Every structure is written in structure tokens, then in C-alpha cells.
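In what follows, a structure is listed as C-alpha cells, so that the remarks can point back to it.
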Amino acid sequence: MTSRLAYGVGPLLLFACGPEPKTELGNVPIFGGSEHQMAAARVEMDAFARWAGQDRVRLRYVEFADLGPRAGVATTEGVIQLNQVLDGADAIRVAMRHELCHTLDFGEGLSTKALDWLDEFAANLPAASIVPIEGVDPNLQFRAEAFAELCESLTPLAAQVVEQPCAPEEELFGTAARWMRQEVWREPPAPALEVGEEVVSFDLPFYDPKDPWNRFSISATLDPDALLIESWNDANPVGAVWVDRVTGVQVDSLAQAVELPKVDDVPGELAPAGFLSLQGTDGFVVGTWYIRVEGSGQSAPRVIAFDGQTWRPVDDTCTKSISGFDRSLFVSNQQLWLGWENEGQAKWGPLL
């Protein structure tokens, strides 16, 4: 790790015998930051090379420097600078990714393609998003910045999750995500987690699916064979029932629901993102998540899960409400399950 981060070696010393040639991201030296800063930048460079392809971005060096209010700068000469005041792995990874996206664009002209949806994203950016360059068309700068913002936000996992819009107003996100999957990223997507054939149902006697204020949830309990189904209207409890997880038959139980502990370690590839919830146990992590794009707002929340090996979208990930209460992910019998409501019935099944 020390040799890759080039501790104690500055660009003036490195280039004393002439400019360093551009090289693949895995071999690019990093200067000027703390061990923590340079390690976070390296993690993002390794991830970007995996996502986009090892041979598509080449740099001379990366340097942490005083950039005033700017988070990062990329040049066509193969140099990326990150602000030395950046702190926190996610902030460093996002800034690094943004500049890598610019560098990829320098080499392939992705932001110059005739794309109406990119023009729309560019038109939504605030004026302060670019620093005017004499002799350069500002419209091209805004397009380049819009591309970098989308590339930063729509990582392979994010693009996979968002490419199918949850609402008509999300079609712009979906179009951008599908294009990113086709033109920018090379890493094949992980298959979505889907409910297996063993779906169990239970008629909800206290749930009105036509009432937009009704919500329900399914939870594992301290009884390994029993699930707790609860419903409420707005914030007021409506009813609760315990059912057998395998048969769907109501059981006499008062077993307490198992609350999944909160997880603080948001995966860097999902930043910048908003997590409405992130919980996990037994190697599983589930979250309700949305993307943010500068100037264009945010997507509806989606459901994603970590299955013990990789982050994957959950089939039919859209949620009806900002709270995500119409989808319940829970862990029971060392298995990840999805619960949902359909025409007054609670349904659940294992995710495979």
C-alpha cells in the first residue's frame, strides 16, 4: 500500500527527470494528503477502474492541494487535484469519482454526444456549477458538468436500480441511467434479488388498501416461526396479528418484533445518496435509498439489500411512499425475506 500511495514523494521530485507518463489507475501515484485521504482516493480509483474498465482512464498523478472552495479539479494533461480539506471517506470518494468522470469525458467526448436528456440536466444546473473559461462555449461546460454529476451519482449499482422509473416524472433519471449502463460502465450488473416461488399470503382484516394513509409492515419476531403484521393509519395503530411464517395461519403469540439494528457504514459506491433507513443482521443489510443529482432533485426511494456478498437491488424496488412502509424486508431463519401488500392481502417470500 505504501508504494501505491507514494508516501513522502512529491510531484516535483517524481518529475525531476521529466513528466511522468499517464498510467492505469492502479499505478497512479497520489500525493499531499493524509494516509486516510489517500487511501480513500485509492479505493475509489480501484472501484472506478473495475466499473469503467482498466484501460479507459489514465492519469499522471493525483494530488491533495489547497483548492479554495472547489472539491476537485481535473485537467486534460492527466492530473487530478482534490481539496486538502476534504474529510470523510465518502466525501473523498465522491470528489475523486467526479473528477475521474471528467477525465473519462476528456478522453471519449461523452458529454458532446447529441443527447436531449443531457441538455435538460445541463439546463437545470445552477450558474455557479462552472468556472467560465475564455474561448470555451459555456453550454459545453454545462454539458460536461452535467455528465460528471450523473456519472458521479449513477454508479453501476445506482444506474441498475434507477433505470426503471417508479413514476412518470422519473423518466429523465431512467433515460440517463440506461445510457450510463450502456455507454459508461463495463462491469456487468449483479442480478436483482427476487422472491422465490414459495409466497405465503394472509388476509388483512384491518387494512384498507384504498386508503392512501394506510400503512403496514411485516417483522420477524423473537419466535423464529412467527411473524408480526402491523397496520396503522397515518401515525395511529390500526391492528396487529401474529402468523406462522411458513403457512400464513394466524397463531396465538405475543412475541416481540425483532428490530434490525441500524447500520452506519453506507457503501461508498452509493454516495452521494440519501438513506431513509439502513439496517442489518446476520450478514444481511437492507436499505431504503434514493439518488440525488445536482440541479435535478432526487429519485423516489428504492429498496436495496446486501446479501452477504454484494449490494443488489430488490425486484420491484419502487416504494409507494417516502417512508417505504409498503415494502418490508426482514431476516428470519437466516434468510432475507420481502413482504408486501396486494389487494388487502399481506404476502411474503424468501429473496433468492
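Observations
Every residue, every condition in (1) touching a residue at least 60 places away in the same chain (Cβ under 8 Å); (2) assigned to a loop (DSSP other than H, G, I, E, B); (3) within 30 Å of Arg42 (Cβ to Cβ), yes or no:
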site: Met180; (1), (2), (3): no, no, yes
site: Glu187; (1), (2), (3): yes, yes, yes
site: Ile218; (1), (2), (3): yes, no, no
site: Asp223; (1), (2), (3): no, yes, no
site: Leu227; (1), (2), (3): yes, no, no
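- Residues that are surrounded by 17 or more Cβ atoms within 10 Å (Cβ to Cβ), in a helix (DSSP H, G or I) and of a type outside the set (S, T, N, Q) are absent from segment 132-140.
- Segment 337-352 - residue that is more than 25 Å from the chain's Cα centre (by Cα) and surrounded by fewer than 17 Cβ atoms within 10 Å (Cβ to Cβ) and, of those, nearest to Leu193 (Cα to Cα): Asn342
- Against the test of being β-branched (Val, Ile, Thr), surrounded by 13 or more Cβ atoms within 10 Å (Cβ to Cβ) and within 30 Å of Pro237 (Cα to Cα), the options Val184, Val199, Val161 yield a single qualifying residue, Val199.
- For segment 295-325, a residue qualifies if it is surrounded by fewer than 18 Cβ atoms within 10 Å (Cβ to Cβ), modelled with pLDDT under 70 and not in a strand (DSSP E or B), and the qualifying residues are Gly295, Lys320, Ser321, Ile322, Ser323.
- Taking the numbered list (1) in contact with a helix residue (DSSP H, G or I) (Cβ under 6 Å, 6 or more places away or on another chain); (2) modelled with pLDDT under 95; (3) among the hydrophobic types (A, V, I, L, M, F, W, C) in turn, Trp185 passes all entries but (2).
- Number of residues in segment 231-247 that are in a loop (DSSP other than H, G, I, E, B) and over 34 Å from the mean Cα position of the chain (by Cα) equals 1.
The values are calculated or read from the model by the stated rules, or taken from the named source; none is laboratory data. Source: prediction; values computed, not measured. Don't worry about glycine lacking a Cβ; one is built from the backbone with ideal geometry, like all the others, and counts go over all protein chains shown.
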